[in-house]
Amino acid sequence: MQLQITDLNKVYANGTHALKSLSLTINKGMFGLLGPNGAGKSTLMRTIATLQQPTSGSITFGDVDVLTDPEGLKRQLGYLPQEFSLYPRIDSETLLDHFAQLKGITNKAERKEIVGYLLRKTNLWDVRKKNLGTYSGGMKQRFGIAQALVGNPKLVIVDEPTAGLDPAERTRFHNLLSEIGNETVVILSTHIVEDVTNLCTDMAIICAGEVLAKGAPQAAIDQLAGQVFRKAVDRSEVEGYKREHRLISTQLREGRMNIYIQSETDPGAGFIPVEPTLEEVYFYHVSSRTNIDTL
Ligand code: ADP
């Protein structure tokens, strides 16, 4: 199965051009869609999930034309939106059973088996009789994944799943995501670079509705190898360095400003070479489009 997005455009009624001739090919496995707030990630996710229409372009999943046959896609889709509300006075087992009915699983015994399997997989079995209103953020997210996996979807979309989770909850959530079958296309939309580093075999960086980079994270990192340098400077000096160098990012550390620059040759002047990570790759691309002070 492959998701093919071709020349996708979205212009909202207020004139915002949120997706600009965006094309991506997404294969089985975990795909990370990285971009700052406002990049167009949710617009793209909602469009793939058939919740909104693009202005132009095409999307196919296997042999399903997503835009003309939304039902064909929905049958294969599991979607965890950025924000979702749960019925606080219902327990997770009951609600999951309800979702399974909506997915067309009419046999009660079969439903019970699926619901039990998903509750165990998401580590919610022990709290299955508790009302969802009593769940922590991490438990709610795991419930979100459980409901997205009902019906064994071939395409799973998770939009900003770890925002608001504490580190332990995030790790648990990552482990859960990485267990989703190898036969599934999983798209993880996020502005957290570390999530993509930890989980994804393929990725794209988007900004202002355009794809700035795509490919395997390590390949993108290799392209920048030997070109990233760091220097601790005074806050007041940053503007000057910005004019003279290709500044990637700034990080405050122990009261001093660490600036990261990209340069094909050693800039000298106290700059130290740095092994790039996906973080530098991300900032390198995104800083070319936005004011890095806002990142
Ligand atoms: P992201 O998910 O990467 O933060 P979004 O897809 O939410 O990005 O937004 C992309 C751009 O489209 C932003 O400039 C946002 O303000 C704009 N946008 C999103 N939804 C709407 C809408 N319903 N109407 C008008 N503009 C919108």
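The values are calculated or read from the model by the stated rules, or taken from the named source; none is laboratory data. Since the model is a prediction, treat every value here as computed from it, not as a measurement. Virtual Cβ from ideal backbone geometry, glycine too; neighbours counted across all protein chains shown. Accessible surface areas use protein heavy atoms only, side chains included; no ligands, DNA or RNA. Shrake-Rupley method; radii C 1.70, N 1.55, O 1.52, S 1.80 Å.
Every listed requirement among (1) surrounded by fewer than 19 Cβ atoms within 10 Å (Cβ to Cβ); (2) within 16 Å of the ligand (Cβ to nearest atom); (3) under 13 Å from the mean Cα position of the chain (by Cα) is met by Gly164 save one, (3). Taking the listed residues Leu96, Leu8, the one that is more than 16 Å from the ligand (Cβ to nearest atom) and either touching a residue at least 60 places away in the same chain (Cβ under 8 Å) or open to solvent by less than 80 Å² (accessible area, probe 1.4 Å) (or both) is Leu96, with no other qualifying.
For every residue, the table says whether it meets (1) touching a helix residue (DSSP H, G or I) at 6+ places or on another chain (Cβ under 7 Å); (2) surrounded by fewer than 20 Cβ atoms within 10 Å (Cβ to Cβ).
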residue: His17; (1), (2): no, yes
residue: Lys20; (1), (2): no, yes
residue: Gly29; (1), (2): no, yes
residue: Asn37; (1), (2): no, yes
residue: Pro54; (1), (2): yes, no
residue: Gly62; (1), (2): no, yes
residue: Val66; (1), (2): yes, no
residue: Leu73; (1), (2): no, no
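Scanning the stretch 39-52 for residues that are open to solvent by less than 20 Å² (accessible area, probe 1.4 Å) and either away from the ligand (no atom under 16 Å from the Cβ) or small (Gly, Ala, Ser) (or both) yields a total of 3.
Output yes when any residue across the stretch 229-238 is in contact with a strand residue (DSSP E or B) (Cβ under 6 Å, 6 or more places away or on another chain) and buried (at least 20 other Cβ atoms within 10 Å of the Cβ), and no when none is. Within the stretch 229-238, one or more residues are in contact with a strand residue (DSSP E or B) (Cβ under 6 Å, 6 or more places away or on another chain) and buried (at least 20 other Cβ atoms within 10 Å of the Cβ). Consider the stretch 194-210 and keep the residues that are open to solvent by 10 Å² or more (accessible area, probe 1.4 Å) and away from the ligand (no atom under 13 Å from the Cβ). The one that is nearest to Gly164 (Cα to Cα) is Glu194. Within the stretch 15-38, the set of residues being modelled with pLDDT of 95 or more and aliphatic (A, V, I, L, M) comprises Ala18, Leu19, Leu22, Leu24, Ile26, Leu33, Leu34.
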